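The values are calculated or read from the model by the stated rules, or taken from the named source; none is laboratory data. Here the structure is a predicted model, which is why all the values come from computation and not from measurement. As a convention, Cβ positions derive from the backbone with ideal geometry for all residues, glycine included, and neighbour counts pool all protein chains shown. For the accessible areas, the whole protein counts, side chains as well, though only heavy atoms, and no ligand, DNA or RNA atoms are used. Shrake-Rupley method; radii C 1.70, N 1.55, O 1.52, S 1.80 Å.
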Amino acid sequence: MKLKLNPDKEIVAIARQQLKETGGYCPCVLEPFRDASTKCQCEEFRHQVAQGIEGECHCGLFIATKD
């Protein structure tokens, strides 16, 4: 699997700003649920990549592809 930043620069800028505001936690996760598993790249996305599943992470910052 290849990981790359989303080619949409606006999404990347928004996601990076939100990550800065949340201390590196996925901006899609509510504050009470922030723990090590929700630090960017979140555990759910890492699991998706490990299983060879293509797609974006929740916030859209990263994209996993097979090529």
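Before moving on, here are some points about what is shown:
- Count Lys and Arg as plus one, Asp and Glu as minus one, and take only other residues whose Cβ is under 13 Å from that of residue 35; the net charge is then -1.
- For the chain, the solvent-accessible area with a 1.4 angstrom probe is 69 square angstrom per residue.
- Seen from residue 17, the other residues with C-beta closer than 15 Å to its C-beta sum to a net charge of 0, counting Lys and Arg as +1 and Asp and Glu as -1.
- For the chain, the extents of the C-alpha atoms along the principal axes are 34, 25, 12 Å, listed from largest to smallest.
- Rounded to the nearest 20 debye, dipole of the chain from Cβ charges on Lys, Arg, Asp, Glu: 240 debye
- Counted charge near residue 55, where neighbours are those whose Cβ lies closer than 15 Å (Asp, Glu -1; Lys, Arg +1): -1
- Proximal aspartates and glutamates to residue 2, defined as alpha-carbon separation beneath 12 angstrom and excluding residues fewer than eight positions away on the same chain: 54, 56, 67
- Percent carbon-and-sulfur accessible area, the chain, ignoring ligands, DNA and RNA, probe 1.4 Å: 52 percent
- Length-normalised contact order for the stretch 1-64 - Cα pairs under 8 Å, 6+ apart - percent: 44 percent
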